[in-house]
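What follows is a short report on a single structure.
Bear in mind these aren't lab numbers, they're just calculated from the coordinates by the rules spelled out. Fair warning: this is a prediction, and the values are worked out from it, not measured in the lab. Note: ideal-geometry Cβ built from the backbone for every residue, glycine included; neighbour counts use all protein chains shown.
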């Protein structure tokens with residue numbers, strides 16, 4: 001007998017009865033769960049937000065609502081809910097729905113979407129200044145839509161990307177973060193730290209986004225160098241060699257920052273330098 005049992009032979013009556021009853025209980029539980037799970041689809045999202053199907057006993061589905069007024073109102077419409085629910089359930093039918101007051105969360109208000117602000121028409125005209133002919137009007141409308149979206153993002157607390165200037169939640173924005181990792185952009189940035197006048201030649205090679213990214217990276221590299229040089233000037237007591245090199249690197253930084261040749265830089269342009277660097281260059285050299 002034991003060998004036949006191990007090989008999948010006949011089982012005794014109690015085992016068969018237990019398996020049959022277990023399967024029946026499982027099937028019955030599934031059918032009850034189907035009615036509860038089908039409730040939101042049967043009644044729609046608005047009613048589903050106001051109700052919570054609690055249990056099923058026989059052909060009766062018990063549903064909780066927040067207050068007695070809602071229970072009374074939905075009871076009058078229960079024949080509509082029965083028809084929709086039974087259409088989803090098939091053979092397993094619900095014959096009655098009873099509504100009672102219970103614990104149902106208050107529906108959360110729908111989030112308010114802030115309207116778009118008025119377009120920045122001056123900026124829009126600047127964006128399409130090189131567009132002529134029949135496309136001018138269409139391009140201007142598109143540019144105005146872009147400026148409205150940008151102003152909306154700024155009103156939501158987004159800040160201008162330090163690379164491209166567009167309002168962004170991320171700093172730098174996602175597009176510029178990818179551009180900053182471009183090996184060509186990194187090589188161009190190292191060139192700019194030595195020859196800032198090469199900036200004007202980059203757009204045909206890297207495009208506007210790549211040029212802005214190279215300039216941003218070069219400025220970061222130069223700012224780090226300037227801070228170290230300023231610190232060495234202070235430590236050395238204003239040694240002339242450090243001070244001269246600091247002044248030279250400051251001119252490179254300012255030429256990139258202001259996008260103009262070093263030869264036309266003015267003293268007031270130094271306002272763009274890091275504060276420590278300004279202090280060192282503004283101090284009188286020791287005699």
| field | Ranked 242, 253, criterion: other C-beta atoms within 10 Å, fewest first | value | 242, 253
| task | Quick one: compute the contact order of region 57-205, relative version, from alpha carbon pairs under 8 angstrom and 6+ residues apart, as a percent. | result | 16
| task | Evaluate the distance, in nm, between pseudo-label points positioned 7 Å from the Cα of residue 105 and of residue 272 along their respective Cα→Cβ axes. | result | 5.2
| Can you sort 127, 61 so the residue with the fewest Cβ neighbours within 10 Å comes first? | 127, 61
| Ranking of 74, 135 by count of other Cβ atoms within 10 Å, fewest first | 135, 74
| If contacts are Cα pairs under 8 angstrom and at least 6 residues apart, what is the relative contact order of region 172-282 in percent? | 26
| request: Treat region 172-282 as a sphere of radius equal to its Kirkwood radius over Cα pairs and apply Stokes-Einstein at 4 °C in a medium of 1.567 mPa s; give the translational diffusion coefficient in µm²/s, rounded to a whole number. | output: 89
